[in-house]
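To start, the structure itself, in structure tokens.
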Amino acid sequence: MRIFDAHFHIINFDFPVIENQGYMPPSYLVEDYKKQTESYNIAGGAIVSGSFQGFDQGYLLHALQLLGGNFCGVTQLPYDVSDDEILQLNAKGVKALRFNVKRGGSEDLSKLDYFARRVYELAGWHSELYIDATDIPDIAITLSQLPALSIDHLGLSEQGLPHLLKLVEKGVRVKATGFGRVELPIAETLKSIYDVNPDALMFGTDLPSTRAERPFETADIELILQLFDERAADKIFYSNAKQWYFK
């Protein structure tokens, strides 16, 4: 089964790493990622900037250069970043903007509507939210009207699932990632999202699983293979995310 790994982190202390909420992540280099995933058929992926990396772009561009053109970046930027910098990042493989509501380290959520529209119109980027889905009602109207949006880690909580599914109905994508950090019935949630929109789910390893109660394991892949037929699994593991990031 080919995999487009839609969510993983590279942590390189040759570049700025910032303690976040008392947490300092471990080093996790491109070679560590390649070694840990060598038994999987990784055919591309998305490197996601973490709360502990702030607005640094150096580590991300370095990692993209090492991994090659089948990989792209999801970055955090201040809302007053210049158009030229956005376009330069786009040319070097960055394809999305992240708002980390759960952990911070990104631009404030009050800038979401303006900033998400700006990067979409300028470079075709979608925006990604790390948010507990129970908080979606507070900003549901804004989220439902954005041109392109994905939600990390299945929305994190079972209570938030009904709110998440309403967004999925409107075309919002959801990352099937972080199974060891969510508080919800994973199998039922995956099936519910797929039933609403077969194009919505995008699998990712979430490596190195920073702060997760349980790190990623092969059983996470096996669960999806058990739940879905071959065509559906290929959409979840590869084609949904590939088409989303490389429009």
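General observations
- Residue satisfying condition, being outside any loop (DSSP other than H, G, I, E, B), touching a His at 6+ places or on another chain (Cβ under 6 Å) and either without any contact (Cβ under 8 Å) to a residue 40 or more places away in the chain or small (Gly, Ala, Ser) (or both), within set 141, 136: 136
- Qualifying residue in region 236-244 (condition: open to solvent by 40 Å² or more (accessible area, probe 1.4 Å), outside any helix (DSSP H, G or I) and over 15 Å from residue 176 (Cα atoms)): no
- Long-range neighbours under 9 Å by Cβ, at least six apart or interchain, first residue at negative phi within region 26-50, second at pLDDT below 95 and among the aromatic types (Phe, Trp, Tyr): 48/130; 49/55
- Applying the condition of being out of contact with any Asp or Glu (no Cβ under 8 Å at 6 or more places or on another chain) and farther than 21 Å from residue 203 by Cα to region 1-16 and asking which residue is most open to solvent (accessible area, probe 1.4 Å) yields 14.
- Counting the residues of region 39-73 that are outside any helix (DSSP H, G or I) and either polar (S, T, N, Q) or touching a Ser or Thr at 6+ places or on another chain (Cβ under 6 Å) (or both) gives 5.
- Selection within region 25-38: residues that are in a helix (DSSP H, G or I) and of a type in the set (D, E, K, R). The member of this set that is surrounded by the most Cβ atoms within 10 Å (Cβ to Cβ) is 32.
- Listed by first and then second residue, the pairs linking a residue in region 66-94 that is open to solvent by 10 Å² or more (accessible area, probe 1.4 Å) to a residue that is basic (Lys, Arg), with Cβ atoms under 6 Å apart and 6 or more places separating them unless they lie on different chains, are 79/111.
The values are calculated or read from the model by the stated rules, or taken from the named source; none is laboratory data. It should be emphasised that the depicted structure is a prediction, and the values quoted were computed from it without experimental measurement. Every residue, glycine as well, gets a Cβ built from its backbone with ideal geometry; the counts of neighbours run over all protein chains shown. For accessibility, only protein heavy atoms count, side chains too; no ligands or nucleic acids. Shrake-Rupley method; radii C 1.70, N 1.55, O 1.52, S 1.80 Å.
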